[in-house]
Amino acid sequence: MAPQVAAGCKLTGGSWRSAYDDVVVTDAGRLDVDHFVPLAEVCDSEQVPWSAARREAYANDQASPVTLIAVSAASNRSKADKDPAQWLPSDGSYHCTYAATWVGTKLRWDLAADENERQALLGLVLQRFFGWLLGSYDVVVDMGWEWVRADARVWSAGLSELRDWRSCSPITP
């Protein structure tokens, strides 16, 4: 059921599924709009210091359907300003999409990743395809998975192995 706009621009009726915890929310007041990559993480991940205008553009980005996401207030408050090494959605079926969206957002905004964050993202990918965490992503590279190919020219700051991610499916040679 679609929400209706009541007096004072208040939304009534309708329901939303919170991707982080797979909770159906029927009260818009119980939703938060989350910056997929939190603002504090963006500041920590700038490869070149951003201007105030660029920070504002990110904070209000509506050009991408994933920079801002409506989720349950509880899941957003649990996430706070954590990266994937520190927090993952409680809905495990969303982990791969979460990782792909995180990487896509970082690539789109030219943001770096620290080593713990990079390892957490690679771990999510490997768990998705192999059902267990392999000790080294070099094994995957040797198997010919293109989405783990490095491109140091473009991503020297930590996400090079994820440069060719397009979806949660491997691109076979």
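Values quoted throughout were computed directly from the atomic coordinates according to the rules given, and no laboratory measurement underlies them. In this text, all values refer to a predicted model and were calculated from it rather than measured experimentally. Cβ: placed from backbone, ideal geometry, glycine included. Neighbour counts: every protein chain shown.
Which is farthest toward the positive dipole end of the range 1-94 among A7, V48, A63, measuring Cα position about the Cα centre, with Cβ charges +1 (Lys, Arg) and -1 (Asp, Glu)?
A7
Let me check I've understood the local charge: for L11, count other residues with C-beta under 15 angstrom from its C-beta, Lys and Arg +1, Asp and Glu -1. What total comes out?
Taking every other residue near L11 into account, the sum is 0.
What trypsin sites (Lys or Arg not before Pro) does the range 1-38 have in DSSP loop regions with at most 15 other beta carbons within 10 Å?
K10
Check D34: other-chain or 5+ apart residues with amide H under 5 Å from its amide H, H built from backbone geometry?
The list, which skips near neighbours in sequence, is I69, A70, V71.
Could you list C9, C96 in order of exposure, starting from the residue whose Cβ has the fewest other Cβ atoms within 10 Å?
Ascending number of Cβ neighbours within 10 Å: C9, C96.
Would you mind computing, in nm to one decimal, how far apart the modelled labels at N60 and R30 are, each placed 7 Å from Cα along Cα→Cβ?
3.1
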